[in-house]
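Read through the structure below, which is laid out as structure tokens, and then see the notes.
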Amino acid sequence: MMFSVRLSTLILGTQMADTQEIEETPSEAHSGDASQKKQETRDEMLSRHRKEISQLQNKETELKKAAAKGSKAEQKAKKKQVEEEISRLSAKLREKHAKELASLGYSSSNGNEKSNLDNLVKAVAGVTVISQHDQAKPSKGTKRREKRAQQEAAREQRIQEEQSNIVSDRTVEDEKLEKKLGPLGLTVNDIKPDGHCLYRAVEDQLAHLSGGASPYNFQQLRQMVAAYMRDHSSDFLPFYLSENMIGEESAQSQVERFENYCKEVESTAAWGGELELRALTHCLRKHIMIYSGSFPDVEMGKEYSNGGSDSSGSSIILSYHRHAFGLGEHYNSVIPI
């Protein structure tokens, strides 16, 4: 608010000062001495015109500096105010200069005389005398703003068109998965996307298979997996090391790292993968089928499918999603439609 008041005060002072300067013609300045009036030659008049133009330019710079303070919204409003005021003062100064040149015999009426006067002003004073018709034309600043607005509008339109044409990886993955599951009478049941999604999906499957509540919650399933991997470390350690080998390690350090991994499976929200799925199929003695729209389908625990030790022949059916969320892989439960 202080910037706005200061700028308004500065513009008001500029208006008063420039009004005095612009409206004070040589004849008024020297009304008491007609001989002095005649002493101002064309070159002297044009020199004074250049000085007055320079003064107006300095005041424009001063006003713009004062306007370049405050928030962006305040700066924009003050800049517009300065442009309008400078445009008004410039027009008034051009009109004053044209009248003074006309007093020396230069006319801006029509034809060659107007051309001669314009050329004279342009060449020596740096001001173009223009007609009311010319003054009605948009200023360069207005044209620039209109051009920028058109460019921004065109840019926004291009962005909207590009976004409407984009087909995300997730959309493609979901469509492929739907084509697989639809003919089988299956659909995806969304699971909370956190580090427990694999275990939550299996918990959901166990609930559907039992027709009620699952016998194990996701945390109990984690503990079962960790215990099974510890008890069968010779089966899981080689697969773990193949994915997590760090230089040359001793057998003891490898075992320690695998034990730390089992602790993470047991007590953190670490994401589950192939190792955990292998453990789950043996812990639960269930056939597990994983469908995907990005990778080939995976089948684990075939020995527990029809004819195996699982007398019911029921299977756990999951879906694997590579592009469902920015965090990484995700598992959902697959149920009958």
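Read-outs: derived from the displayed coordinates by stated rules, not from any lab. Nothing here was measured: the structure is a model prediction, and the numbers come from that model. Cβ sites come from the backbone with ideal geometry, for glycine too, and all protein chains shown count toward neighbours.
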- Message: Below 20 Å, Cα to Cα, which lysines can LYS286 reach? Residues fewer than 8 away in the same chain don't count.
- Response: LYS302
- Task: Pairs to check: LYS76/LYS143; LYS92/LYS140; LYS76/LYS140; LYS51/LYS143; LYS79/LYS147; LYS51/LYS99. Give those whose C-alpha atoms are more than 21 Å from each other in this structure.
- Result: LYS51/LYS143
- Query: For region 195-284, what does the alpha-carbon gyration tensor say about shape, rounded, prolate or oblate, given a ≥ b ≥ c as the root eigenvalues, a/c under 1.5 as rounded, and a/b over b/c as prolate?
  - Reply: prolate
- Message: Counting pairwise Cα distances across region 38-87, what percent come out greater than 18 angstrom?
- Response: 47
- Could you list GLU74, GLU243, GLU256 in order of exposure, starting from the residue whose Cβ has the fewest other Cβ atoms within 10 Å? GLU243, GLU256, GLU74
